[in-house]
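These notes concern the structure reproduced below.
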Amino acid sequence: MTEVLVLVDHENGTVRKPTLELLTLARRLGDPVAVHLGPGADIAAPVLAEHGATRVLAADAPEFADYHLVPKVDALQAAFDAVGPAAVLVPSSGEGKEIAARLALRTGSGLVTDAVDIAPGDDGPVTTQSAFAAAYSTTSRVTRGVPVVTVKPNSATPEAAPAAGTVEELAVTFGPLATGTAVVSRAPRESTGRPELAEAAIVVSGGRGVGSAESFSVIEDLADALGAAVGASRAAVDAGWYPHAHQVGQTGKTVSPQLYLAAGISGAIQHRAGMQTSKTIVAVNKDAEAPIFELVDYGVVGDLFAVVPALTEEIKARKG
């Protein structure tokens, strides 16, 4: 059977959920071969095997940490040359999309970014994307080279399918460009204990209607009750009420959770572009004419400072 490369997104061997989704999608096309770059392959291998990886190509070198991106592209190209895959799947993060684009250019292959689905076709894999703020879905296939596809988080439900997951050392020769951009410092991101925004199954977002940075506590309380990530509209971020890293929208992050709850967000097209592919959308807004109500599954017309705390308390009560 043909093989499909999956670039592993991990933190020192702790595999992130989008990779498990990619392995699930890859099994539709062939046998998944995971590419693990950096430390922790021995930790990651059992998880990757449990979700269908027949092999784990592992490489660890100081270049991955000391230099920006290009060493990882060199390593993924080495895996590409060694395997001759039918497709390459990469998580659709900022880093993932740049790695995928560079690999596609090097291999003379077509690139599809931000796919929300992928399936086998008579002439190669067929991908689905959301376009024009998710108002349309498009299907496409790569017509030259090997398809290189980045897939948005939460596009598939991870499914276990135990496989061998044999760890094999990946030989990598770094090119002259690998050391072109050095990483001079790192600062750990402060942990909130909440899920990563782009990967979260539930997102609770606040907008202009929240009114202040202090009032965002009502959004955080609901998110914590649901085990959700916290998002914010551009208006809230521009006002300095919440960090830019949490902005959802065209100039922020794109999310596609199982549940998206928007409180005090009017629903401008820029915001909708970042969350419209959410599976279930709930909005709370005191303006019955707010554009957000055009796309919701459930809408509540009311004061968020009355509705959201009441919802938080009800959730806590039901959780016991």
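Structural remarks
- For region 116-169, applying the loop criterion from DSSP together with a ceiling of 16 other beta carbons within 10 Å to the GluC sites (Glu not before Pro) yields 159.
- The chain: translational diffusion in µm²/s, Stokes-Einstein, Kirkwood Rh over Cα pairs, 25 °C, 0.890 mPa s: 118
- Rounded to the nearest 20 debye, dipole of region 138-268 from Cβ charges on Lys, Arg, Asp, Glu: 560
- Cα-based radius of gyration of region 3-169 once divided by 2.2 N^0.38 Å, which approximates compact folds: 0.95
- Taking the helices alone, the chain has a mean residue ellipticity at 222 nm of -8000 deg cm²/dmol, built from -39,500 (n - 2.57) per DSSP H run of at least 4 residues and averaged over all its residues.
- Short-range pairs are left out: with C-alpha atoms under 8 Å and at least six residues apart, the relative contact order of the chain is 15 percent.
- The order of 11, 3, going from fewest to most other C-beta atoms within 10 Å of their C-beta, is 11, 3.
- Remark: C-alpha extents of region 112-252 on the principal axes read 52, 42, 33 Å, sorted largest to smallest.
- Prolate/oblate/rounded call for region 197-319, Cα gyration tensor, a/c under 1.5 rounded: rounded
- Beta bridges by DSSP in region 3-169, antiparallel share as percent, to the nearest 5: 30
- Charge dipole (debye, nearest 20) of the chain; +1 at Cβ of Lys and Arg, -1 at Cβ of Asp and Glu: 440
- The magnitude of the dipole of region 3-169, with charges of +1 and -1 set on the Cβ of Lys/Arg and Asp/Glu and taken from the Cα centre, is near 520 debye.
Any read-out appearing in this document is the output of simple, stated calculations on the displayed coordinates, not a laboratory observation. This is a predicted model, so every value here is computed, not measured. Note that we place each Cβ from the backbone using ideal geometry, even for glycine, and neighbour counts take in every protein chain shown.
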